[in-house]
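Have a look at the structure below, then the notes.
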Amino acid sequence: MAAVYNKPGEISIKLQEIPTPEPGPRQVLVKITHSGVCHSDLGIMTNAWKWLPEPVPAHQVGGHEGVGVVVKTGPDCEDSKVKVGDRVGIKYFADVCLDCTPCKLGHEGFCFNGHVSGYLTPGTFQQYVVSSAYYVTPIPNGLPSEIAAPMLCGGLTVYSALKKTNTKPGDWVVISGAGGGLGHLACQIGSRGMGLKILGIDTQEKEVFVREECGVEAFVALDKYPRGPAGDKEITAAVKSVTEGGEGVAAVVVCTAANAAYTQALDFLRFGGTLVCVGIPEGTAVPIQKADPTSIMLGLWHITASSVGSQQEAIETLELTARGVVTPKFTMHRIEELEDLFKRMERGQIMGRTVVTLN
Ligand SMILES: [Zn+2]
Ligand SMILES: [Zn+2]
C-alpha cells in the first residue's frame with residue numbers, strides 16, 4: 001500500500017496498492033512501520049520549492065523520515081553492516097554519491113547528486129521501499145520507531161545546525177521559532193545535549209512548553225512587542241539584557257521561515273557571533289538586511305547554514321535521542337489521515353511533528 005501524490009501541485013493523496021519493489025544491487029527492501037511528515041514534503045508535493053529542477057512526478061510516493069525493518073537484501077550487499085531483521089531509518093537523502101565536493105568534505109546533506117526521498121525517488125509513505133544498504137541509518141536498540149522517525153530529518157537538521165554555531169557549553173544561543181517542529185528539538189538538543197544556554201523566541205503561547213519541556217532558560221515573546229522598528233529595538237534589548245554585559249548571544253539558529261527573523265538575528269549577535277540559517281523562506285527570497293560588509297566586519301560575524309546533515313550526525317542525533325536527551329513532541333496518525341495532515345500543516349495547525357503508521 002502506498003500514499004501517492006495523485007495531483008502534484010495540490011494537496012491531494014490517494015492510497016493505492018502498487019507492486020512491492022525488488023532491491024537492486026547495494027540496496028535493501030525495508031518494510032516501513034512509521035514515517036514522519038515534514039514540511040518539506042508539503043513543499044515538494046505542491047511544487048512550492050521553485051528552486052527544484054522539475055516538479056514532482058504524478059503518482060510519486062512522498063516521505064523522508066521513514067523507519068522500518070529490513071526484509072530483504074539485494075546483490076552486492078555483503079560488506080554492508082545492515083542485515084535482514086535490522087531496524088533502519090531513511091532520511092531526506094535516500095542516497096548520496098560520496099564523490100562530489102560536499103560529500104568528500106563530510107557534508108553529504110549538500111550532495112550535488114543526492115537522491116531526495118519522496119521527490120524523484122519513491123519515499124517512505126508506503127509499506128515497502130527500496131533504499132541504499134550503505135546509506136540507511138541504523139536505529140539504536142530501545143529507541144521506539146515513532147520517536148526515531150521525526151529525528152531523521154527535523155532532529156538531524158537542527159543537530160547539524162547547532163554544531164555549526166562554533167559555541168561552547170555555557171554560551172547563549174537564540175533559537176528563533178523555539179516552539180515549532182524544528183525549534184523545540186533545537187532547544188532540547190542545545191540545552192540538554194550540548195550544555196548551551198538557550199534563549200527561545202516565539203509567541204507567548206509557546207513559553208510554558210519550551211521552558212518546561214525543552215530546557216529553555218530565557219524566553220522572549222514576540223507578540224508582547226509592537227510590530228515595526230520600535231518593537232524590534234525592544235526585542236533586541238530584551239535578548240541582550242539576558243547576556244553577560246549585554247553584549248549579545250554567541251549564535252542565533254533561525255528555525256522559522258520568516259524573513260523578519262533573519263533580519264533581526266544579526267542584531268542579537270555578540271562580537272564574533274554566528275547566524276545559522278535553517279528555515280527556508282517560501283516564495284521570493286529576501287536578502288538578510290543589515291548583512292552589509294561594514295557591519296559584518298565590525299561584528300566579525302559568521303553566516304552559515306544547515307541542510308539536513310551527514311550520516312555520522314544522524315547516528316549521533318539518534319544516540320542523543322536514545323539516551324532521553326531529546327523527547328520530540330509529536331502525534332501519531334494512520335496513513336489514511338495523511339492528506340488531512342498536510343491540509344492542517346498548510347494552515348499552520350500542527351503542534352510539533354506528526355508521524356503516520358503503516359502497520
Ligand atoms: Zn524533512
Ligand atoms: Zn555527493
Requested in this report: Compare P150, P53, P25 in a GNM of the chain, Cα atoms joined below 10 Å, and give the one with the largest fluctuation.
Outcome: P53
Requested in this report: Give the relative contact order (percent, whole number) for the range 1-111; include only Cα pairs under 8 Å separated by 6+ residues.
Outcome: 26 percent
Report summary line: One finds the C-alpha centres of the range 240-269 and the range 159-194 to be spaced, in Å, by 13 Å
Query raised in the report: Listed highest first by mean packing, meaning other Cβ atoms within 10 Å per residue, what order do 152-163, 348-359, 168-179 come in?
Result: 152-163, 168-179, 348-359
Report task. Would you kindly state how much longer the chain becomes between T357 and K31 on full extension, computed as 0.36 nm times their sequence separation minus their alpha carbon distance, in nm to one decimal? Result -> 116.2 nm
Query raised in the report: How many times 2.2 N^0.38 Å is the alpha carbon radius of gyration of the chain?
Result: 0.99
Report summary line: With Cα coordinates, the longest principal axis of the chain makes an angle with the long axis of helix 311-322, in degrees rounded to 10, of 80 degrees
Report task. Show me 121-127, 43-49, 99-105 ranked by packing, highest mean number of other Cβ atoms within 10 Å first. Result -> 121-127, 43-49, 99-105
Query raised in the report: Let a ≥ b ≥ c be the square roots of the eigenvalues of the Cα gyration tensor of the range 156-305; is it rounded (a/c under 1.5), or, if not, prolate (a/b larger than b/c) or oblate?
Result: rounded
Requested in this report: Can you tell me the 0 to 90 degree angle between the C-alpha axis of helix 229-242 and the longest principal axis of the chain, rounded to 10?
Outcome: 90 degrees
Report summary line: Under a Gaussian network model of the chain whose springs join Cα atoms within less than 10 Å, the largest fluctuation of K233, K91, K83 belongs to K233
Query raised in the report: Taking springs between alpha-carbon atoms closer than 10 angstrom, which of R192, R211, R347 fluctuates most in the Gaussian network model of the chain?
Result: R347
Report task. Quick one: pull the percent of accessible area on the chain belonging to carbon and sulfur, 1.4 Å probe, ligands and nucleic acids left out. Result -> 54 percent
Query raised in the report: With every protein chain in place, what's the accessible area of K206 (1.4 Å probe, Å², nearest 10)?
Result: 30 Å²
**Report entry** Probe 1.4 Å, accessible area per residue of the range 173-330, Å²
**Finding:** 44 Å²
Query - Cα gyration tensor shape of the range 54-187, rounded if a/c is under 1.5, else prolate or oblate by comparing a/b with b/c - result: prolate
Query raised in the report: Counting only protein chains, not ligands or nucleic acids, how are M332, M297 ordered by accessible area (probe 1.4 Å), most first?
Result: M297, M332
**Report entry** Diffusion constant of the range 223-315 at 37 °C, which comes from Stokes-Einstein with the Kirkwood Cα-pair radius and 0.692 mPa s, µm²/s
**Finding:** 229 µm²/s
**Report entry** Residue-count net charge about L15 - beta-carbon cut-off 11 Å; Lys, Arg +1, Asp, Glu -1
**Finding:** -2
Requested in this report: Between the alpha-carbon centers of the range 340-359 and the range 111-157, tell me the distance in whole angstrom.
Outcome: 18 Å
Query - Simple label model, 7 Å out from Cα along Cβ direction - T236 to L298, nm - result: 1.0 nm
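The values are calculated or read from the model by the stated rules, or taken from the named source; none is laboratory data. Just so you know, these numbers come straight off a predicted model, no measurement behind them. In this analysis, Cβ positions are derived from the backbone assuming ideal geometry, glycine residues included, and neighbour counts consider all displayed protein chains. The accessibility values were calculated without ligands, DNA or RNA, using every heavy atom of the protein model including side chains. Shrake-Rupley method; radii C 1.70, N 1.55, O 1.52, S 1.80 Å.
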